[in-house]
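Structure, as structure tokens:
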Amino acid sequence: MVAGLNHPVPHFYIAGAPKCGTTALYAYLSAHPRLFLPHDPKDATAHSGLNYKEPHFFAPDLLWRDYTQDPAVYASLYAAAPLEALLGDASVFYLYSQRALPRIRELRPEAKIIVMLRHPVDLLYSLHGHYRYSLAEPEPDFARALELDRPFPLVYRPVARLGAQLQRVYRLFPRDQVHVIWHEDFAADTAACVAETCRFLGVEPPARGDFARHNAQKQLRSPTLQRLLLWRPRAAQRLARQLLPARLRHRAATALLDLNRREQARPPLDPQVRATLTRDFADDIALLAELTGRSLDHWMKP
């Protein structure tokens, strides 16, 4: 811990953006013996409902049902970390947050920031699908959802303005403390991207092996069943407590949640919607290209 604080300040951050491969990178880095990122203890009942992977502790401007602002809870996520491990935090809306990265710089100015980037329209379409799957988004029509004025997390366009967000990162941290990963590169050669990220963090890259897919697109078999499992009626909770011990309840709920999911890609986005949104993001895409020195002309093609 940093002296004088009652919570850890991790050494590195997968700061975003969402739906850019961050879950997969989190999984691969979590497997490294020199790195520690919080993970959900499958049989644990403590802090039920907390997002272990993405606690968003340093983003008090982004309040959501499974984030935490409790220092004791945040500290508990790192209780199992080996003393010599580098601590990481994979809260993917830190990039979007106005307060997270300034706070991190204040507490740990040498922190290393990992930023994953993707075509903004692909990010938005995937994010909408994720919110539909998680029952956070009631609007099934993607284009209409983007036009609605709603509080976090149901904000879309600002989250996808990656050029403006990366510019803010570079104003806060030296470039040698910022590592950019492009989603298309990550998909084309995952092993090379993971190895490069490990070198950025100062640890030995893992042996090249099979990098399994993580966080593939999913659909719900029954949204109604999902609601019952996630937001159980009090009568059902009381009955379950009488019949099953806590660990068995947790396992049963997890098994039912798994059975209610199926991997299924979304239908392709309407070309007209895609073209309109791409034009809307043209200035931000140009800024992103300027900041990174990477040609993004192919992003502007229909």
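Things worth noting here:
- Residue check for Phe186: assigned to a loop (DSSP other than H, G, I, E, B) and aromatic (Phe, Trp, Tyr): no
- Ala85 vs. criteria surrounded by 14 or more Cβ atoms within 10 Å (Cβ to Cβ), more than 20 Å from the chain's Cα centre (by Cα) and either at pLDDT below 95 or closer than 26 Å to Ala31 by Cα (or both): yes
- Yes/no for Pro158 being without any contact (Cβ under 8 Å) to a residue 12 or more places away in the chain and of a type outside the set (A, V, I, L, M, F, W, C): no
- Residue check, Leu62 assigned by TED's automatic domain parsing to the domain that holds Asp40, buried (at least 23 other Cβ atoms within 10 Å of the Cβ) and not small (Gly, Ala, Ser): no
- Enumeration of residues in segment 280-302 that are surrounded by fewer than 11 Cβ atoms within 10 Å (Cβ to Cβ), of a type outside the set (Gly, Ala, Ser) and without any contact (Cβ under 8 Å) to a residue 24 or more places away in the chain: Asp297, His298, Lys301
- Pro71 vs. criteria surrounded by 13 or more Cβ atoms within 10 Å (Cβ to Cβ), of a type outside the set (Phe, Trp, Tyr) and modelled with pLDDT under 95: yes
- Residue within segment 101-124 that is β-branched (Val, Ile, Thr), modelled with pLDDT of 95 or more and in contact with a Lys or Arg (Cβ under 7 Å, 6 or more places away or on another chain) present: yes
- Here the condition is being in the same structural domain as Asp185 (by TED's automatic domain parsing), closer than 26 Å to Asp176 by Cβ, over 15 Å from the mean Cα position of the chain (by Cα) and surrounded by fewer than 22 Cβ atoms within 10 Å (Cβ to Cβ); of Arg157, Arg161, it holds for Arg161 alone.
- Residues (farther than 20 Å from Thr22 by Cβ and of a type in the set (Val, Ile, Thr)) located in segment 70-114: Val73
- Within segment 97-106, not a single residue is crowded, with 20+ Cβ neighbours inside 10 Å, assigned by TED's automatic domain parsing to the domain that holds His39, out of contact with any Ser or Thr (no Cβ under 6 Å at 6 or more places or on another chain) and of a type in the set (Asp, Glu).
- Residue check: Gln98 meets all listed conditions (1) at pLDDT 95 or above; (2) part of a loop (DSSP other than H, G, I, E, B); (3) in contact with a helix residue (DSSP H, G or I) (Cβ under 7 Å, 6 or more places away or on another chain) but one, namely (3).
- Residue check for Glu204: at negative phi, surrounded by 14 or more Cβ atoms within 10 Å (Cβ to Cβ) and among the charged types (D, E, K, R): no
The values are calculated or read from the model by the stated rules, or taken from the named source; none is laboratory data. This structure is a prediction, so every number in the text was calculated from the model and none was measured. Please note: Cβ atoms are built from the backbone with ideal geometry, for glycine as well, and neighbour counts cover all protein chains shown.
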